[in-house]
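Presented below is the structure to which this report refers.
The values are calculated or read from the model by the stated rules, or taken from the named source; none is laboratory data. Just so we're clear, the structure is a prediction, and the values are computed from it rather than from any experiment. Because the Cβ atoms are built from the backbone with ideal geometry, glycine has one as well, and the counts that use them run over all protein chains shown. Please note that ligands, DNA and RNA were not included when accessible areas were found on the heavy atoms of the full protein model with its side chains. Shrake-Rupley method; radii C 1.70, N 1.55, O 1.52, S 1.80 Å.
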Amino acid sequence: FSAVTVGRAQVQQEPWAETTEGVDISINCSHPNIKTSDYIFWYHLLPGQGPELLVSGHKGIKTLSDPQGRLSVAADRRSSGLWLARPRRGDAAVYYCAVG
């Protein structure tokens, strides 16, 4: 796993996830030390560009329109998942989460 420290919270993600065009994918993130007031942020980093915020959330499920998908936050908030529906070739990027 790769670990990133953001403020007081440690975030862990799978180091690699791969799919083919049009096949749904889930990317998971673990944040066991999350605080009650913290939000979860998911970014993507496209080649040659800066990071772009995709979605943020506190609890439950939040829908994304571009790319199509959703953010799901576990009931205990210790993990979250980004699900992308039928990703296109142009969605190939580094996806990462942060907490704060």
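Dividing the Cα radius of gyration by the Kirkwood radius, what Rg/Rh value follows for segment 17-69?
Here the Rg-to-Rh quotient is 0.98.
With a 10 Å cut-off between alpha carbons and a GNM built on the chain, which of GLN68, GLN12, GLN49 moves the most?
GLN49
Go through 19-27, 80-88 and give me the packing order, highest mean Cβ count within 10 Å leading.
Taking the mean over residues of other Cβ atoms within 10 Å, the ranking is 80-88, 19-27.
Hey, if you put +1 on the Cβ of every Lys and Arg and -1 on every Asp and Glu Cβ in the chain, which of PRO67, ALA92, THR19 ends up farthest toward the positive end of that dipole?
PRO67
Given Cα positions, please report Rg to Rh for the chain, the hydrodynamic radius being the Kirkwood one. Provide the component values of the computation, followed by the final result.
On the way: Rg = 12.9 Å, Rh = 13.7 Å.
Here Rg/Rh amounts to 0.94.
Less than 17 Å from a label point 7 Å out along the Cα-to-Cβ axis of LYS35: which backbone N atoms in segment 67-100 qualify, by residue?
Answer for this model: 77-78, 98-100.
Subtract the Cα-Cα distance of ALA92 and GLN49 from 0.36 nm times their separation in residues, and report this length gain in nm to one decimal.
Residue separation times 0.36 nm, minus the Cα-Cα distance, leaves 14.2 nm.
For segment 37-99, what is the accessible area per residue in Å² when the probe is 1.4 Å?
About 57 Å² of surface per residue is accessible.
Express the carbon and sulfur contribution to the solvent-accessible surface of the chain as a percent, rounded to the nearest whole number, probe 1.4 angstrom.
52
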